[in-house]
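Engineer: If you scroll down you'll find the structure; I have some questions about it.
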Amino acid sequence: MQPTTSTELFFDLVFIFTITQLSHYLIAHPHWRGAARTALLLALVWFVWVYTTWLTNWLQPDQGPVRAVLLGVALGSLALSAAIPEAFAGTGLFFAVVYVGVQVGRTLFALWAVRGSPWLVAGFQQSLPWITGTSVLVVLGGLAGGVAREALWAAVVVLEVVGLLIGYPLPGRGRSRPERWMVEGGHLAERCAAFVLIALGESILVTGSTLTSHVDLETSGAFLLAFAGSVALWWVYFARSAPAATEVIAGAGERTGALSRVAFNYLHPVIVAGVIVASAGDEVLLREPGAPATTVAALFTLGGPALFLAGHAAYKTVLWRALPTSRIAAVVVLLTLIPVCVGLGATVVTCAALATAVTVAVIIADRLRVRRAPQSRGPRSPLR
């Protein structure tokens, strides 16, 4: 498997700031429209990151030209992140122009860099008109405002998802078929796991910075609970699933491209979104742990882990073709607890404690399942 390079890790560091900006945007706009806007911004930023990650799967990140492009995309991503707080207000056009420059510029570079590899050239030739077309919509959204901007950027997200799903079809050229994508799935799995780790690390930074503003016994206890919640989410993803998933995707053969498309482009942003919502919940917890939970507070503290577990359940289902019942049950329990906690007037700290307890129950269920499973030399994949 191609190892992750220091250039790629440096590129990833920019997105710590991105996750922070998205979390703060959600906290500043605690309503359904704010949540929808946060999701749109996350999707657009995710396209920047994941398409760049696919590029480094095919090229050598430490080669001079590729490294220069990675650093340029990192700078553009930093600018995108800086524009997030006012992306639906004064900085919308700036956000759009930077997004277009990064997406189109990286694709044009890719066409130059992969010359000599006909299947790669064909793939980027298929995607360039689609990316150019969605870029026009992003700019139009930046020029517009209000509902029009939201609608145009939502259309971009839909077109990007559908375009990749159907292989960027073009008249007279057909479509790009995932079975022809020579993908190193293990490298992509490792890179996406690194992004999840970055998101979790940002959550810890948020709790730590919030604690420093007001240190007493109550907030210290809330801090420990928030930290425990982050550890529990980390454990669910990394304790066994991450290395096993890497092995499954690395050995998927001709299905690697199709699996990677679903697992990384579509499902991992759901997992990251869960971390962002949970991070917002941690900040609410540290600010007012003993206050009665409002609907927003309950949605953050209980809905964040639910979204994370739902995304991870879908990820495991795609890879192993089996329903992860513990995660599905946990999602149902967490969603049920939201109206219950609000109706009973439970405190924010109680909601957070319940969310952590449910997540820990998933970890325990995983451990019990592993102990009951027959011993083998390694994780088995239905694809091998």
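The values are calculated or read from the model by the stated rules, or taken from the named source; none is laboratory data. Just so it is clear, the model here is predicted, and its values are computed rather than measured. Glycine also receives a Cβ, built like all others from the backbone with ideal geometry; neighbour counts cover every protein chain displayed. Heads up: the accessible areas ignore ligands, DNA and RNA and are worked out on the full protein's heavy atoms, side chains in. Shrake-Rupley method; radii C 1.70, N 1.55, O 1.52, S 1.80 Å.
Engineer: Taking Leu78 and the conditions (1) in a helix (DSSP H, G or I); (2) open to solvent by 30 Å² or more (accessible area, probe 1.4 Å); (3) closer than 21 Å to Val196 by Cα; (4) in contact with a Lys or Arg (Cβ under 9 Å, 6 or more places away or on another chain), which numbered condition does it fall short on, given that it satisfies the others?
Structural biologist: (4)
Engineer: Which pairs have Cβ atoms under 9 Å, sit 6 or more apart or on different chains, and link a residue in the range 151-177 that is surrounded by 14 or more Cβ atoms within 10 Å (Cβ to Cβ) to one that is of a type outside the set (Val, Ile, Thr) and assigned to a strand (DSSP E or B)?
Structural biologist: Gly167/Gly174
Engineer: Within the range 238-247, can one find any residue that is open to solvent by less than 20 Å² (accessible area, probe 1.4 Å) and over 17 Å from the mean Cα position of the chain (by Cα)?
Structural biologist: Here is the first cut: in the range 238-247, the ones open to solvent by less than 20 Å² (accessible area, probe 1.4 Å) are 241-242, 244-245.
From what is left, the residues that are over 17 Å from the mean Cα position of the chain (by Cα) are 244.
So far as the range 238-247 goes, yes, one or more of its residues are open to solvent by less than 20 Å² (accessible area, probe 1.4 Å) and over 17 Å from the mean Cα position of the chain (by Cα).
Engineer: Turning to a different aspect of this structure: Pick from the range 327-384 the residues that are at pLDDT below 90 and of a type in the set (Gly, Ala, Ser): which of them is surrounded by the most Cβ atoms within 10 Å (Cβ to Cβ)? Write out each step before concluding.
Structural biologist: Taking the range 327-384 first, the residues at pLDDT below 90 are 366-384.
Cutting the leftovers down to of a type in the set (Gly, Ala, Ser) gives us 373, 376, 378, 381.
Details: Ala373: 10, Ser376: 7, Gly378: 8, Ser381: 17.
Once the filter is applied, the top-ranked residue is Ser381.
Engineer: State all residues of the range 298-310 that are surrounded by 24 or more Cβ atoms within 10 Å (Cβ to Cβ) and either modelled with pLDDT under 95 or within 15 Å of the chain's Cα centre (by Cα) (or both); if no residue qualifies, say none.
Structural biologist: Listed by number, the residues that qualify are Gly304, Pro305, Ala306, Phe308, Leu309.
Engineer: Please go through the range 11-37 and pick out each residue that is in contact with a Phe, Trp or Tyr (Cβ under 6 Å, 6 or more places away or on another chain) and surrounded by fewer than 20 Cβ atoms within 10 Å (Cβ to Cβ).
Structural biologist: Once the filter is applied, which keeps residues that are in contact with a Phe, Trp or Tyr (Cβ under 6 Å, 6 or more places away or on another chain) and surrounded by fewer than 20 Cβ atoms within 10 Å (Cβ to Cβ), the range 11-37 yields nothing.
Okay, residues lined up against (1) part of a loop (DSSP other than H, G, I, E, B); (2) among the aromatic types (Phe, Trp, Tyr); (3) open to solvent by 50 Å² or more (accessible area, probe 1.4 Å); (4) under 18 Å from Val48 (Cβ atoms):
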site: Ala83; (1), (2), (3), (4): no, no, no, yes
site: Phe94; (1), (2), (3), (4): no, yes, yes, yes
site: Trp119; (1), (2), (3), (4): no, yes, yes, no
site: Phe124; (1), (2), (3), (4): no, yes, no, yes
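Engineer: Quick check, is Val138 open to solvent by 30 Å² or more (accessible area, probe 1.4 Å), touching a residue at least 12 places away in the same chain (Cβ under 8 Å), in a helix (DSSP H, G or I) and within 23 Å of Phe109 (Cα to Cα)? If you could, list the steps in order and put the result at the bottom.
Structural biologist: On the way: open to solvent by 30 Å² or more (accessible area, probe 1.4 Å): no; touching a residue at least 12 places away in the same chain (Cβ under 8 Å): yes; in a helix (DSSP H, G or I): yes; within 23 Å of Phe109 (Cα to Cα): yes.
It is false that Val138 is open to solvent by 30 Å² or more (accessible area, probe 1.4 Å), touching a residue at least 12 places away in the same chain (Cβ under 8 Å), in a helix (DSSP H, G or I) and within 23 Å of Phe109 (Cα to Cα).
Engineer: Restricting to the range 198-218, name every residue that is of a type outside the set (Gly, Ala, Ser), at pLDDT 80 or above and crowded, with 16+ Cβ neighbours inside 10 Å.
Structural biologist: Ile198, Leu200, Glu202, Ile204
Engineer: Scan the range 256-276 and report the pairs whose first residue is closer than 19 Å to Leu159 by Cα and whose second residue is open to solvent by less than 10 Å² (accessible area, probe 1.4 Å) and hydroxyl-bearing (Ser, Thr, Tyr), with Cβ atoms within less than 8 Å and a gap of 6+ or a chain change.
Structural biologist: Ala263/Tyr315; Phe264/Thr53; Leu267/Tyr315; His268/Tyr315
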